[in-house]
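First up is the structure itself, then whatever we jot down about it.
Only the coordinates and a few stated rules stand behind these numbers; no lab work does. Remember, it's a predicted structure, so these values are computed and weren't measured experimentally. Backbone-built Cβ (ideal geometry, glycine too); neighbour counts: all protein chains shown.
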Amino acid sequence: MARTLCNNCSFSISTCICNAIEQVNNRVSVIILQHPSEEKIAKNTAKLLNLSLNDCQIIKGENNNDFAILKSLPLETTVLLYPNELAINLDEKAQSTKLNNITHLVVIDGTWKKAYKIFQLTTLLNQFKTVSFKQLPKNRYVIRKAPRADSLSTLEAVAHSLFLIEQLNPAPLYNLLDELIQKQTQHMPEHVKARYQY
């Protein structure tokens, strides 16, 4: 029997997070390029951003054909959040002065392997400056395993980016993430739940 889903947040009724959703007015447009395999994962955090940020869109795909929207973004003021060797650190003032007034933040949503594949296949991304962080905030998203110690969920990465770019208060987004974690772990035995404390 299919589970009943909440019409607003699309989680099951027992894991509905609507009471924690707070609308956030972000100045920088957030565009999430989502690997198709992420859509069905209950612990995926991109949809939390879509529920909370007033200027956010998720586009599913893997390559240039899927992400044609990239052709319409302003070259000078769009940045890609991606930690490559050319990335400008948003948390280093000397580096961040190389950036003009950022209007669009492009983020890849997927595992490291899938994000790298999207980055390789989507050559349209090469036209944008890449940004990253020198110091990562503490990873709050402990219910989804990541292969790297410096992994952040999509929500955490975007929340920290918007904080650094436009001083946007990340608390409403982190509160929503905390609610997701609480709802996803509520029926776990205590000894299992203990692994997910942060």
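A few points about this structure:
- Database remark: amide H of residue 109 closer than 5 angstrom to the amide H of 33, 34, 35 (H placed geometrically; neighbours at sequence offset of 5 or more, or on other chains; Pro and chain starts carry no H).
- Residue pairs, from the table 71/129; 43/114; 47/183; 93/129; 117/138; 60/114, whose Cα atoms sit over 19 Å apart: 117/138
- Using θ = phi - 60° in the Karplus curve 6.51 cos²θ - 1.76 cosθ + 1.60, the 3J(HN,Hα) couplings for the range 72-89 round to 9, 7, x, 4, 6, 10, 9, 10, 10, 7, 7, x, 9, 5, 8, 5, 8, 7 Hz; x is entered for Gly and Pro.
- Normalised contact order of the chain, rounded percent, pairs of Cα under 8 Å and 6 or more residues apart: 26
- GluC sites (Glu not before Pro) restricted to the range 1-49 and DSSP loop, no more than 15 other C-beta within 10 Å: 22, 39
- Cβ-placed point charges (K, R +1; D, E -1), dipole of the chain about Cα centre in debye, nearest 20: 500
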